[in-house]
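K.L.:
Just passing along the structure, written as structure tokens.
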Amino acid sequence: MTIDGVMAAILWGGVFLILYTWVIFPLGVALLARVRRRAPLPTEPERWPTLSVIIAAYNEEASIAARIENLREQDYPADRIEVIVASDGSGDRTVEIARGFPEVKVLAYERNRGKASVHNDAVLEASGEILVFSDAETLFESDFLRRAVSHLTDPAYGGGAGDYTFRPLGSMGESENLYWRMEKAIRRAEYAAGCLPFTSGGCFLMRRELYMPIPPHSDIDNLMPLHIIASGKRVFHASDAKAYDVTVADAGTHFRKRLRTAQRSFTDMVWFLPRLWRAGAVGIIGVVVSHRFIRWFTGWLWLLVLLANVALVAAHSADGGLWSVLLAMQLAALTFCGVGRVVERQRIEWIPMSGLARAAYSFLLAITAFSIAVLRAARGQRIERWTTRT
């Protein structure tokens, strides 16, 4: 194969993979969900199981009281709910405020070790048949626990999550919300098709007997769904169980959040995929690769496409019409992302398509964060402790 052939193969292969992870796979799984619908209708159990709601908290004095009050409002039988606030070395009034609620079990760990270690220790103190993991700033609808637990009436399911809705903070939050709505639509389709391997950590619940201690650099919403599947159970997405949180407020926070979550997820999933293979969950591995891994490599794929395109234009300067058009399209897309950056930083609203430009800039930030996250994970860097929520 000639050099031109290699460059063309890189260009078209990269374009295909980018389109596959962002367009073809989501459409394909949506079609599969219509043809192969496996998600059962949730039914209320004859006896409501006992629950342990675990809230890992670090310096959450501003929100912990409202979080506990929100759990008090659940229409689930109160005598079957255990609320555990596990403080990861908080230096503020989180523990003091939580102890003001007599029904709450407060675990005040002195050292900041990270959410994974706190979850592992809190589970040892929990007495519920079902473990519910949540965050201090997440809020549940009053029927969340009842609706979510109803999905576990079917013994085929080992765990799952409710339906997270993010309330946008500012224009960057609106752009992130657009990404999240797309993500939820894919997860709903995967659940309907019987191949969902993802959950949301702020509204995640699972059967206690399936819990396994996780490494310090991990998070429950990365490993537990895969562990549930490897154990022979399925994962659900409870669209009828509503939970709420807020989005990021600015571009810097958005970038750091995407970097952190992608780095943790990439590390966890690479570590766990061999076990899925041994469990014979080949289809789930395909979903993880299609939905997550290729998406995380979008930035690197685009860079390869761009470099290959430049090489082809240089080699065919006289007759490279197609290559020149493709390069112009890529440069126009990057320019549009740059416009979005200006619009976001200067809070400009009068420019036509300013909202779309912000969304493009948000997308570029996300895939850049993914690219750096992959590099850090490949170098063995791990995230264990957190010092801020984002």
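K.L.:
Of all residues in segment 192-210, how many are in a helix (DSSP H, G or I), modelled with pLDDT under 95 and either under 22 Å from Ala262 (Cβ atoms) or of a type in the set (Asp, Glu) (or both)?
P.N.:
Residues meeting the conditions: 0.
K.L.:
Given the conditions (1) closer than 20 Å to Ala251 by Cβ; (2) modelled with pLDDT of 90 or more; (3) surrounded by fewer than 14 Cβ atoms within 10 Å (Cβ to Cβ), and given that Leu375 satisfies all but one, which numbered condition is not satisfied?
P.N.:
(1)
K.L.:
What number of residues within segment 133-146 satisfy the criterion of being part of a strand (DSSP E or B) and closer than 15 Å to Ala57 by Cβ?
P.N.:
3
K.L.:
Go through Ile54, Ile24 for me and flag whichever is at pLDDT 95 or above and part of a strand (DSSP E or B).
P.N.:
Just a single option satisfies the conditions, and that option is Ile54.
K.L.:
Quick one: Arg36 ticks every box in (1) over 23 Å from Arg146 (Cβ atoms); (2) in contact with a strand residue (DSSP E or B) (Cβ under 8 Å, 6 or more places away or on another chain) bar one, so which box is it?
P.N.:
Evaluating Arg36 over (1) over 23 Å from Arg146 (Cβ atoms); (2) in contact with a strand residue (DSSP E or B) (Cβ under 8 Å, 6 or more places away or on another chain) leaves (2) as the failure.
K.L.:
Now a separate question. Working carefully through the options Val235, Val246, Val270, Val289, find the one that is crowded, with 20+ Cβ neighbours inside 10 Å and β-branched (Val, Ile, Thr).
P.N.:
The unique qualifying residue is Val235.
K.L.:
Just to be sure, is Gln263 surrounded by 14 or more Cβ atoms within 10 Å (Cβ to Cβ) and either closer than 30 Å to Pro213 by Cα or of a type in the set (A, V, I, L, M) (or both)?
P.N.:
Yes: the conditions hold for Gln263.
K.L.:
Right, next: I'd like to check something: does segment 154-173 contain any residue that is within 12 Å of the chain's Cα centre (by Cα), part of a helix (DSSP H, G or I) and on the phi < 0 side of the Ramachandran plot?
P.N.:
No, the conditions are met nowhere in segment 154-173.
K.L.:
Considering Glu176, Glu137, which residue is in contact with a helix residue (DSSP H, G or I) (Cβ under 8 Å, 6 or more places away or on another chain) and either crowded, with 23+ Cβ neighbours inside 10 Å or among the aromatic types (Phe, Trp, Tyr) (or both)?
P.N.:
Unique residue meeting the criteria: Glu176.
The values are calculated or read from the model by the stated rules, or taken from the named source; none is laboratory data. Computed from a predicted model, the values in this text were never measured in an experiment. Neighbour counts run over all protein chains shown; Cβ positions are idealised from the backbone, glycine included.
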